[in-house]
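What follows is a short report on a single structure.
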Amino acid sequence: MSYIAKPKVSHPKLPRNKLGLTERDYEGSVSTLCAGCGHDSITAAIIRAVFELNIKPHRLAKISGIGCSSKTPTYFMSQAHGFNSVHGRMPSVTTGANAANRELMYVGVSGDGDSLSIGAGQFIHAIRRNLNMCYMIENNGVYGLTKGQFSASADIGSKPKKGLANQQEPIDAVSTALSLGATYIGRSFSGDKEQLVPLIKGAMLHKGFALLDIISPCVTFNDHEGSTKSYAHTRQFYHHVIDMDYVPPAEEIKASYDKGSVMPIELHDGSKIVLRKVDEEYDPTSRAKAFKYLRERSNAGEIITGLLYINEGRPEMHDLMGNVDTPLSELPLESLRPPKGELERILRGYR
Amino acid sequence: MAAVNDVVIKIATVNGTGSASANGLLHKAIFRMGVPVVGKNFFPSNIQGLPTWYEIRVTGDGYQSRSNRTDLMVAMNAQTYAKDMAEVTPGGWLVYDSTWPRGQLLDRQDITVLGIPFSKLCNENFDGVRTRILLKNIAYVGAIAALLGLDLKIITQLLEETFGDKKHLVASNMEAIRLGYDYAAEHFQCPLEASVKAMDSTKDQIIIDGNTAAALGCVYAGATVGAWYPITPSTSLMDGFRSFCAKYRIEPETDKRTYAIIQAEDELAAIGMVLGASWMGARAFTPTSGPGISLMTEFIGLAYYAEIPAVIFNVQRTGPSTGMPTRTQQADILSCAYASHGDTKHILLFPADPAECFTTAVQSFDLAERLQTPVMVLSDLDIGMNDWMVPEFEWDDEYVPDRGKVLSADDLDQMDKFYRYLDSDGDGIPYRTLPGTHPKGSFFTRGSGHNKLGGYTEDGSEYQEVVDRLLEKWETARTLVPKPEIIYSTFNNAAILTVGSGNGGCKEAMDRLASKNISLNYCRVKAFPFSEEVKDFIEKHEVVYVVEQNRDAQLKTLLMLDIEADPAKLVSLLHYNGMPLNAGFVVERVLAEIAKGRAA
């Protein structure tokens, strides 16, 4: 039950990060999701990422909509502020929160129903604004809490537990985001923590809208034979085209890489991500090429993963608006009023 | 009947032809002559080509509402000649463009028809189609100036203020004024019996619309985040906020903005943004109208239950559905009072005019933060978009905003543990923390069932404890919201009770009824929940005429629901055709009730 707090068992030898916190300190309440749910693996990857990034928990805001995925912010970072909002409306709450306080780190957790059906409008408009946030879609192709209806990400031909196979075109979050100009787009799999953790780190530190589409099988309603979002199907058709490593600020790139396939990119805070291309042809800085590649591979039935697109050059929402650096919520109200006596002068214009 | 400083002028034109500025010029000129004036714009939901009317009531007595007379009709739109002529009050005047003969169309014996060849005059004197159309409007201002005896010096001065350095525009506009003025002066007896004589009754008054006033209130309240989706008649509120911010919210050292205006994809997103920003501690607001409120209701329920401040301006228009988007009404009272599913109720504030829009806007942020709940300011199209003459706004530089119960990092440092929904002061209002302040202040904001500690719950008694506490907060709100305006005349059993823009029409009606020896007491509610004073007022009277601008007696319903007002006492006088309330309606209905044997 999510209201049962996890007992904090102290292991003196647990590794601590630069803030002196252990990974356990980044945990939340006990998950109430089904045993084996992909979402719990993603929660674990988030915890690992924020622990390793030395994030002060109270300087991060975790926001969600409604659905199984949207329950997960209770399962990580109990010392972070959370906002479990309305179905499909996580992006607007995050937009307003970020508009008011640009200094916090924003992590939005959503699902395929939450983002691609009821909340499709808010999802795409947050991208247009290049809202500075990490937006995760925990994608299982079904509605779990209402017992297994297909969502808009269900693939053509995918079979439900009961009833007929899906015949409608799926909405692919990655190509949607690519077409709308999201500035950091990754896809991964809940079962691939090694790939997922650095992707999350990069997404959190990227300045702008970072989308992670994470295939996260629903063990109860969509993990059977014939489903294209099952563990077995995902493992079989899953391809890394581009992997990444995260290198903190002021650290050297130590690992040795094959020449030609390596691409280091510096993030705004001085940290770096090193992209390792598994497929030499792939260019994660070209929207057109990325789009073509994704289409071709997805038509061939492959699930393409990794950091699929990155653009560190586009200004985020506040810079597009020309806002002050100080969070608006921290400006003293007195400083926001016209000067003393000014009302008299303003009203003269209405005489 | 029309008389000196008691004249109603109505100008019929085609929208999109620039008549709005001509009408504004006329309105302002009379005001500058020191004569109180009421302006009402009746415009179509359209950009160009449909009929539009502007009504100017010259009221030496200083009444605030429109009149149901038309003394001088300026019929500039051939499409509506017949209707416009029929509307002129017997004994009145009709001015029309006599460039083309109108024959029998203008046949009415009980009025005086004055033909002025505006098109011909302008075609002879100006070049260019657009210029001729624009200046034709200015020419009728000139003709009216002659007919009513307006001061040409004031008109010249207003044109100079409008056009500033563009001297050629002042000259061409003055030429057009002269064409109309001279033609009227030469051909007719000027001024008419109904005319305007300078007074000294507009000192310390301004002419402003409610949306601009509310926008200025938001600036003074320190609002930093405005999220909205464009919708008539609320759009000019955000336009106003934007232009004030462009002037007063730019950091001089960096040239950067200390405000964020976000044009949302729809009203669902607009309110979501407001809640996100308020959750972070900014003063945030959204202006909208009825259809927008409908879309916002799910989030409004969350804000009520999760206790997040929000300021929502609902500039009401005529519903249901798209309805008549450019006409006024007060028909969202119930849908706002109980917006959302489940047990919810919300604080409503009812400004009566633009001056109150300014003060109410500031107050709405204080109340929203004090009570940690949405506050809706219910204005309407009449208040929001029409130019009203109101007293100059006052601002106390000593004003200290009420940010409510927000714990600082120091407070949290000294606390053992923070629980979001504990009522430690017994007023139903818990303490809140702002994200990012302190690790101890973190909590989970949710619309799902929660207990008084802030934890998730599906336990009935834990759930009920929280919603019962919200009722205690509601009672605290009752003591904090603005008190009604109450006027007792002489001792009597009957009273008028109204809300918002009903104010002007009702007060004028009371004067008129008093002249017939019917004196009524008066109560104008300024907020929901209703304060004790409203309850006492109703209890004191045998009959209370509830005047409101909707079909279903929504205010009356709310009085019955919230303070259990006795329905037997409440007599509804309902005005809901989309036009602003006029005193004549109230007088007529009250007299009809009295004729039926109702107490006066």
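Just a few scattered comments:
- Selection within the stretch A:293-351 - within 11 Å of chain B (Cβ to nearest Cβ), within 16 Å of A:Leu211 (Cα to Cα) and surrounded by fewer than 19 Cβ atoms within 10 Å (Cβ to Cβ): none
- Selection within the stretch B:328-348 - surrounded by fewer than 23 Cβ atoms within 10 Å (Cβ to Cβ), touching a residue at least 40 places away in the same chain (Cβ under 8 Å) and of a type in the set (Ser, Thr, Tyr): B:Ser335, B:Ser340, B:Thr344
- The condition (being of a type in the set (Ser, Thr, Tyr), touching a Pro at 6+ places or on another chain (Cβ under 9 Å) and touching a residue at least 60 places away in the same chain (Cβ under 8 Å)) is satisfied by just one residue among B:Ser321, B:Ser278: B:Ser278.
- Within the stretch A:117-128, considering residues that are crowded, with 24+ Cβ neighbours inside 10 Å and not small (Gly, Ala, Ser), the one nearest to the other protein chains (Cβ to nearest Cβ): A:Gln122
- Residue in the stretch A:196-213 that is within 21 Å of A:Ile47 (Cβ to Cβ), part of a strand (DSSP E or B) and in contact with a Lys or Arg (Cβ under 7 Å, 6 or more places away or on another chain) present: yes
- Consider the stretch B:39-64 and keep the residues that are small (Gly, Ala, Ser) and at pLDDT 95 or above. The one that is farthest from B:Ile208 (Cα to Cα) is B:Gly60.
- The set of residues in the stretch B:1-16 that are touching a helix residue (DSSP H, G or I) at 6+ places or on another chain (Cβ under 8 Å) and closer than 13 Å to B:Gly149 by Cα contains only B:Val7.
- The residues on offer are B:Tyr259, B:Tyr304, and the sole one that is within 12 Å of chain A (Cβ to nearest Cβ) and more than 17 Å from the chain's Cα centre (by Cα) is B:Tyr259.
- Residue within the stretch B:430-448 that is more than 7 Å from chain A (Cβ to nearest Cβ), in contact (Cβ under 8 Å) with a residue 40 or more places away in the chain and over 21 Å from A:Gly96 (Cβ atoms) present: yes
- When residues of the stretch A:42-52 are limited to those that are away from chain B (no Cβ under 14 Å) and surrounded by 20 or more Cβ atoms within 10 Å (Cβ to Cβ), the one nearest to A:Gln195 (Cα to Cα): A:Ala45
- Given (1) more than 25 Å from the chain's Cα centre (by Cα); (2) under 29 Å from B:Arg432 (Cα atoms); (3) not aliphatic (A, V, I, L, M), index of the condition B:Ser195 fails: (2)
- So B:Ala269, is it within 11 Å of chain A (Cβ to nearest Cβ), touching a residue at least 12 places away in the same chain (Cβ under 8 Å), hydrophobic (A, V, I, L, M, F, W, C) and within 30 Å of B:Arg420 (Cα to Cα): yes
- Scanning the stretch B:589-600 for residues that are surrounded by 14 or more Cβ atoms within 10 Å (Cβ to Cβ) and out of contact with any strand residue (DSSP E or B) (no Cβ under 8 Å at 6 or more places or on another chain) gives B:Leu591, B:Ile594.
- Taking the numbered list (1) among the β-branched types (Val, Ile, Thr); (2) farther than 30 Å from B:Ile231 by Cβ; (3) under 24 Å from the mean Cα position of the chain (by Cα) in turn, B:Thr89 passes all entries but (3).
- Whichever residue in the stretch B:168-208 is in contact with an Asp or Glu (Cβ under 6 Å, 6 or more places away or on another chain) and within 14 Å of another protein chain (Cβ to nearest Cβ) and, among such residues, is surrounded by the fewest Cβ atoms within 10 Å (Cβ to Cβ): B:Asp204
- Any pair with Cβ under 6 angstrom, 6 or more apart, that starts in the stretch A:288-301 at a residue that is farther than 13 Å from A:Asp172 by Cα and ends at one that is surrounded by fewer than 12 Cβ atoms within 10 Å (Cβ to Cβ): none
- Residue match in the stretch B:56-70 (condition: in the same structural domain as B:Ala185 (by TED's automatic domain parsing), assigned to a helix (DSSP H, G or I), among the basic types (Lys, Arg) and out of contact with any helix residue (DSSP H, G or I) (no Cβ under 6 Å at 6 or more places or on another chain)): no
- One residue from A:Gly96, A:Gly88, A:Gly113 being crowded, with 24+ Cβ neighbours inside 10 Å, touching a Gly at 6+ places or on another chain (Cβ under 7 Å) and in a loop (DSSP other than H, G, I, E, B): A:Gly88
The values are calculated or read from the model by the stated rules, or taken from the named source; none is laboratory data. The model shown is predicted, which means the values in this text are computed figures rather than measured ones. Cβ: placed from backbone, ideal geometry, glycine included. Neighbour counts: every protein chain shown.
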